[in-house]
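The values are calculated or read from the model by the stated rules, or taken from the named source; none is laboratory data. The shown structure was predicted, so the numbers you read here are calculated from the model rather than taken from an experiment. Please note: Cβ atoms are built from the backbone with ideal geometry, for glycine as well, and neighbour counts cover all protein chains shown. The accessibility values were calculated without ligands, DNA or RNA, using every heavy atom of the protein model including side chains. Shrake-Rupley method; radii C 1.70, N 1.55, O 1.52, S 1.80 Å.
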Amino acid sequence: MKERLLIANRGEIALRIMEACEELGLDYVAVYTKEDEESLHVRLAKKKVRISDYRDINDLLAVADENKCSLIHPGYGFLSEDYRFARRVEKRERPLIFVGPSWEAIRDLGNKIYLKKLASQLKIPVIPGTTEPIYNEIEAEFKAEELLELLKEEGFEYRSLFIKAAAGGGGMGIEEVKNLEEVRPVFRKIRAYAKRLFGDEGVLIEAKIPVIQHVEVQILGSKKGEYVHFGTRNCTIQSPFKQKRIEIAPGFDFNKNFSLNLQKIESEIIKYSLRLAKNFGYYSLGTWEWLVTPEGKYYLMEVNTRVQVENEISGKISFINNNSVNLIKEQIKVALGERLEYTQEEILFKGTSIELRLIAEDVSQGFQPLSGTITHFKWKPESWLTIRTHVPQDKPYNIPTQFDPNLALAIIYGENFELAKRRAQEFLENLIIEGVTSKGEKLKTNKEYLKEKLEIIYQFLPS
Amino acid sequence: MKIELHKKLTHLMETAIYIRDIKGEDFCDIQTLIEKLLEVHQNFYSYSVEELKSFIESTNQKIEFLLQKAEETLTPYEIVKIVRHPQRITLQDILENVYDNYMELGGDKEINLDPAIVCAKAMLIRKVDNELYFHQVMVIGHEKGHGEEYRQGGSAKPWGNEKALRYMKMAETEGIPIHFFIFTPGAYPIEDYPGAAQQIAKNLYYMAGLKVPTISFISEGGSGGAEAIGLTDFRLMAEKGYYSVISPEGAAAIEANLKEGRPPRELVEKCANFLKLTSYDNLKLGTIDRIVPEPPLGARKKDFDFFRRLKVELIKATDEIVLQTKSLKMFRKYVLSKQDSENFKFYVDWDLTEDEREILLENRIKKYRKISKWAVYEPKSIMKSFMEVGHNLSLKVKNEIKYKILKQGQKSFKKFLSELSSESSVILKPVSDPVKTVYNLIVGKKLKPRIGSQYIPEETTPYESPLALEDKTVSCPQGEKYGCPDLWVPDLYGEFCGVCPNCNYHFPLEYTWYLNNIFDKGSIRTFNDEISSTDPLNFAGYSEKLREAKENTGVNSALLSFEAKIGGISLIAVMLIGDFRQGTVGVAEGEKFIRAIEIAKITRRPFLALVHSTGGIRIHEGTLGVIQMPRCTIAVRDYVEAGGLYIVVYDNNSYAGPVASFLGSAPYQFALRSTRLGFAGPRVIRETTGQDVPPDYHSAENALKRGHIQGIWDRRELRKKIFTALLTMGGQNLYYR
Amino acid sequence: MEINFNQLNEILKNLKAHPFKIYPVLTPHTGYLREFKVKEGDRVSGPSGKWLEKPGTPLFVLEREKNLKVIKAKIDGIVKNLKLDLLDKFVEAEEIVLEIQHPLSQEEVISEILLSTLYIIRAPETARYILSPSLLQRIEKQGLGKVKVKKGDELLIMSFMKREVPIYFEEEGSFIIYKLYFSPFEVVPAEKPLIGLCPEKDLPYLEKIIKRIKEEWS
């Protein structure tokens, strides 16, 4: 019987999963909410069911059962990193295959404290700091002193620490301290804040790495214990809320004249990423995010236990038998229990790929997301250009207000970095994307921002 | 002459109507007699004196006969009707006819904080030979009035009971005995500050330690409302009074599982029989001390003989209580003198010295410790019980030595430690930790050095709730209000601890969840498991229900008592479990509670009461259940005064008697979110007060708002919260302090 | 504030011609429609009781993931257009199952007419709205028609583009919150009314209008 996959997501990623299913010869069922009726992922889906919310697990599973689905793909965002969802999919009376890692991996590797402990055990460098929540200010001060000393030894010019709530995240309950005298008052403040907001008083102290590049390793593991990587990506260009805007693969510009041995750094972060993946018994796609400093240090920051938005640029530069790779197809095949059909040596890396995220946002107003109607959306097709979008080009499109106003991903390929960058600029020059807000004003996008930032790819930036 | 006859006729007519009211229209053709009386009364002047005389003569004989017959065939439910009759004696009648002088305090009829409670300073004159002696007493009681509606039939509001408490304190200050008069169908079940239950608990707790002789007289003893002024050294009861855990109508409504409306009359009468609510029943059960005889069909407001008798009984009871504190020889002599007339043979001074007051309290504790003990069913050999007594004794001695002798040195050692801690240097940890360990070794504590930090290591709990083993979803009851998603049962009853992650609504959980998730793994040891709920009143159908409950739950009563540890701190705990007869309290539960808190006292351990759910006092054990309220509260006071730490945590539903006594008198009470907490449920409130209450009337938030509880906890943090409470609350007498 | 009685009469006339409003009842989520609890033409009622503690009339049963959920009426009226063919079928979210023909009450007529009289705050975007917590607390305590607001007070929180955006009152002078036109967490289309306010000094005029409507619509 033909396997059938439920696409538990919307927009661009839903379209990509659909495409992968069709290429793999799988049936699929798409879901959508009322607000999304105009989206291309609804228009193009052969089978679709309206649900109340993309986060409503019960609706998703009810639809999966009704349509006899055997797999479920969470995409990114929404439920993709909800280990309870993955666990329920697997443990229920009518189990489905979760296209992603094991639920334990989502739970454990998604937990920063656990990850830090495990990495330390495996001698993988992590950002210096505490691996247990601290509840006592004397201990905090002691730890802070230790850390500042360590940073000095490691040769950091600018030394400061982050004090943050152990239960926090996303920039909440975090404060920087530069010297020891500040530690106790800030600690007390954060502890009180943590207790009020998260109900847990635990506090972590971590070194602040002032200048960085954000480099990540794309890993794929099969359920049979085989592992490969698809190189690295550089995602240093981010909005102030740590939202990626431009990504580039590979993760380093090896021609750039740094006093660092970039090849060595890349091969080491790949080695360490694989070590952790193997040790944990991780399977499916996964991304290991690293911070690289101008001093040549690198620290494992987090593991993303899902397919990422920027997965396609890795696929574009990875060739097996002269064909570029579709990572989503690979992810589904692995989920079905298949073995990898290639070894690491058969994956050849060629060229450079850049991803631009086109978003309706007001960059000058703190990247405020915008809603409105897209009236014109046109670009010049090129052999080196792939556009991923759910926004229809044949009629006006209202941006729903419940979701991120992502409009499109532009994936550009060039045989080398300079070419790719030039093509990216060319694409942006020719791009027509126009719209109006609900108040009748011109809808802003981040197009100009992208143009500007393209010029500083591969540079170390303040964190 | 004719006026005299008219008076007699009127009296006969009133009596006849009274008989009918009590016995019903079908009693010995009473209705015909009444009609005849009415007819004569109406056409009084058309009859000759002779005719009237003979009519009155014959009717009087008939009525005497009827009274006699009515008395002989009196049923418990008819007694209830006597007590409720507007002609029944009231406290006002007693103040006027029993006491030689009185002054009402804090009220004048309707102009009153709570007209259902009357407080007065009163004087009693005792004649011994030709000498007159004056006694001052405080009189506190319910006033039903003869049909005055503003008295609410003697149902005290929380502030009425608070008024009573204030005058108790006054009497204590002045050192005079208190006479309590219980004429109440029950407390007025409203939750205004501080809540009906909470105020009764406060009264009970205070009465447990009142340092003056207290005597109570029960005419209408309606459960918790009665106990609010009923924990006394001597309990008198009117012969035609009733003292019951619940009104027969209330019991019938519960038995018939009625949500609304009136229960059938037949069932009400049956319940009146089963409840064993008469004075003779209560004397037999040992819940009262003596009966004050009444004329046939009960004392009414003009029965002066009764008032004279009551006065003698009140003085006698007070004398006996006073004498027991002074000299047993005198007491024996007094008892042997068979004092039963107004001519007293002795004068007894009701003032007590400091020492006598202590004895008074000791006697009170002993008295209540003994009540209902005969009904405790505990299958074990005499040898074992003897050994246990011995064990408790040696335990006591051991602990006394350990804590008292070491106490002085311990204090200075502690001071040194805290000074060291406040140095707050980095070297603190390595230095103080081994010291603490050595210190623990000396005083025999096995405390981990973790004490003092706020962190308990999270334990992975392999416990799986039986509720979680089903692949289905449920809706959160507050879903519509807060937009909560439907919850998958394995998540809800597993990781979420039965709490909706969106709105924090707490779903009920099985009691074993608490045992497995709150206490340190493997630290629970139950005791007194063999003490078993029985059926002391032979309440129809109850034995069967008990057997079912025991079979379904595998426990012998609704109260588990055990020792356990939380974060290394050893404590004694009890848990009322909702699965066993809705967590209601009877003899077995009360006895187990007292024994547990006594062990906590002897071993100087904290005492935790977890309330999985309690529906109140178990009606099937009648006043033997009600008496657990004062019994257990006395034990609570004894423990708390000895420096113990008593914490109560409520969950699910907690109502009525237990909340109004041994739970509600805890200095630290906490409720988990979604707990419903109070005195009476919405149905009872509607029936008693005629008012609907808002849906959140009994919510934990409202309990916190009116000051009943000290905080609202989240079940997911229960273990941590209790641990923190153990570290931060309680006096110096706890073993780990 | 001027009272335009002609306009008022016109509105009243129109409302009298169609004294009903149709409320569609939608499935809140997917599932199997297991049972209808009402028949075509049945009279149903919304939540009632002093504290709305008694739930509305059960309409139908929706089963999803072994959870049988009874969907209840949120408003009084007559059942119309019952989609009987949905019985035992799998239904999508937000599918119309029936309609409730709701007779307009005096209160609702007043609120309809006040729309043209009051100072109305309209939804700036299609989004979910809730009252600001402090305002909600005041309204719960004092009731509608009592709570005053002034320029700069936080009125609403709009849940928009995954952010919480506060909406402030921007008019000079003292206003009274008179009417709420939305329910919390519900998606309100842009331009739909959210709150109706009345300048404090115009309160007597407003009461006159209401009195007039009450006379006309009893």
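Numerical summary
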{"read-out": "Among C:Asn14, C:Ser183, C:Phe60 - extreme Cα towards positive end, dipole of chain C, charges at beta-carbon", "value": "C:Phe60"}
{"read-out": "Karplus-derived HN-Hα couplings along the range B:92-105 (A = 6.51, B = -1.76, C = 1.60, θ = phi - 60°), whole Hz, x at Gly and Pro", "value": "4, 4, 5, 4, 6, 9, 8, 8, 8, 6, 7, 9, 6, 10"}
{"read-out": "Solvent-accessible ranking of B:Trp713, C:Trp51, largest area first, probe 1.4 Å", "value": "C:Trp51, B:Trp713"}
{"read-out": "Point-to-point label distance, B:Lys69-B:Val335, nm (Cα→Cβ direction, 7 Å offset)", "value": "4.3"}
{"read-out": "Relative contact order [Cα under 8 Å, 6+ residues apart], the range B:2-73, whole percent", "value": "45"}
{"read-out": "Global size of the range B:504-561 as Cα Rg and Dmax, reported in angstrom", "value": "14.8, 44"}
{"read-out": "Accessible heavy-atom area order of A:Tyr449, B:Tyr542, highest first, probe of 1.4 Å", "value": "A:Tyr449, B:Tyr542"}
{"read-out": "Sulfur and carbon atoms: percent of accessible area, the protein assembly as shown [1.4 Å]", "value": "52"}
{"read-out": "Efficiency of FRET from Cβ geometry, B:Asp696 and B:Asn733, R₀ 35 Å, rounded to 0.05", "value": "0.35"}
{"read-out": "Buried area at the C-A interface (accessible, heavy atoms, 1.4 Å probe, summed, Å²)", "value": "2200"}
{"read-out": "Angle between chain C longest axis and helix C:203-216 axis [Cα atoms, degrees, rounded to 10]", "value": "50"}
{"read-out": "Relative contact order (percent, whole number), chain A, Cα cutoff 8 Å, 6+ residue spacing", "value": "14"}
{"read-out": "Backbone HN-Hα couplings from phi across the range B:701-709 [Karplus 6.51/-1.76/1.60, Hz, Gly and Pro as x]", "value": "4, 5, 5, 6, 4, 8, x, 6, 9"}
{"read-out": "DSSP bridge orientation in the range B:509-728 - percent antiparallel, rounded to nearest 5", "value": "35"}
{"read-out": "Label-point gap, in nm, between C:Leu52 and C:Glu112 - each point 7 angstrom along Cα→Cβ", "value": "2.1"}
{"read-out": "Contact order normalised by residue count of the range C:12-93, Cα under 8 Å, 6+ apart, percent", "value": "38"}
{"read-out": "Of the GluC sites (Glu not before Pro) in the range A:5-93, those whose Cβ has at most 10 other Cβ within 10 Å and which sit in DSSP loop", "value": "A:Glu93"}
{"read-out": "Proximal lysine pairs, the range B:198-297, alpha carbons under 18 Å, eight or more residues apart or interchain", "value": "4"}
{"read-out": "Overall form of the range A:282-326 per C-alpha gyration tensor (a/c, 1.5; a/b vs b/c)", "value": "oblate"}
{"read-out": "Rounded, prolate or oblate (a/c below 1.5 giving rounded, otherwise prolate when a/b exceeds b/c) for chain A by Cα gyration tensor", "value": "rounded"}
{"read-out": "Within-10-Å neighbourhood charge of C:Val61 [Cβ basis; K, R +1; D, E -1]", "value": "+1"}
{"read-out": "Net charge of neighbours whose Cβ lies under 11 Å from the Cβ of B:Ile190, counting Lys and Arg as +1 and Asp and Glu as -1", "value": "0"}
{"read-out": "Theoretical FRET efficiency, 1/(1+(r/R0)^6), r = Cβ-Cβ of C:Arg43 and C:Gln7, R0 41 Å, to 0.05", "value": "0.75"}
{"read-out": "Size of chain B as Cα extents on the principal axes (Å, biggest first)", "value": "110, 66, 53"}
{"read-out": "Nearest 10 degrees, 0 to 90: helix C:5-17 Cα axis against chain C principal axis", "value": "10"}
{"read-out": "222 nm mean residue ellipticity, helices alone, for chain B (DSSP H n ≥ 4; -39,500 (n - 2.57); rounded to 500)", "value": "-13500 deg cm²/dmol"}
{"read-out": "Cβ neighbours within 10 Å from other chains - mean over A:369-376", "value": "2"}
{"read-out": "Accessible area that becomes buried as B packs against A, both chains, 1.4 Å probe, Å², nearest 100", "value": "1400"}
{"read-out": "Charge dipole magnitude, Cβ of K and R +1, D and E -1 - chain C, Cα centre, debye nearest 20", "value": "520"}
{"read-out": "Selection of trypsin sites (Lys or Arg not before Pro), the range B:227-291, meeting DSSP coil and at most 14 other Cβ within 10 Å", "value": "B:Lys259"}
{"read-out": "In Å², nearest 10: area of B:Glu174 left accessible to a 1.4 Å probe", "value": "80"}
{"read-out": "For chain B: accessible area per residue (Å², 1.4 Å)", "value": "43"}
{"read-out": "For C:Lys37, residues with placed amide H under 5 Å, excluding near neighbours", "value": "C:Phe60, C:Val61"}
{"read-out": "Percent of beta bridges antiparallel (DSSP, the protein assembly as shown, rounded to nearest 5)", "value": "70"}
{"read-out": "Loop sites in the range A:263-371: GluC sites (Glu not before Pro), DSSP, at most 15 other Cβ within 10 Å", "value": "A:Glu295, A:Glu338, A:Glu341"}
{"read-out": "5 angstrom amide H check on C:Lys69, placed H, neighbours 5+ away", "value": "C:Leu62, C:Glu63, C:Arg64"}
{"read-out": "Dipole moment magnitude, nearest 20 debye, chain B about Cα centre, only Lys, Arg, Asp, Glu C-beta charged", "value": "3000"}
{"read-out": "For the range A:128-207, alpha-carbon Rg and Dmax in angstrom", "value": "11.8, 37"}
{"read-out": "For C:Ile195, residues with placed amide H under 5 Å, excluding near neighbours", "value": "C:Ile121, C:Tyr181"}
{"read-out": "Extension gain, C:Glu63 back to C:Phe185 (0.36 nm per residue minus Cα-Cα distance, nm)", "value": "41.6 nm"}
{"read-out": "Total charge dipole magnitude, chain A, about the Cα centre, Cβ charges on Lys, Arg, Asp, Glu only, Debye to nearest 20", "value": "780"}
{"read-out": "Efficiency of FRET between A:Glu176 and A:Lys242 - r from beta-carbon atoms, R0 22 angstrom, step 0.05", "value": "0.90"}
{"read-out": "Probe 1.4 Å, all protein chains present, accessible-area order of B:Lys705, A:Lys143, largest first", "value": "B:Lys705, A:Lys143"}
{"read-out": "Under the Karplus curve 6.51 cos²θ - 1.76 cosθ + 1.60, θ = phi - 60°, whole-Hz ³J(HN,Hα) for the range A:426-436, x wherever Gly or Pro sits", "value": "4, 4, 5, 4, 7, 5, 10, 9, 10, x, 10"}
{"read-out": "Approximate spin-label separation B:Lys109-B:Asn130, in nm, with each point projected 7 Å along Cα-to-Cβ", "value": "4.4"}
{"read-out": "Three-way shape call for the range C:20-103 based on the alpha-carbon gyration tensor, with the a/c threshold at 1.5", "value": "oblate"}
{"read-out": "Positive-end extreme of charge dipole, the protein assembly as shown - chosen from A:Leu348, B:Leu672, B:Leu210 (charges on Cβ)", "value": "B:Leu210"}
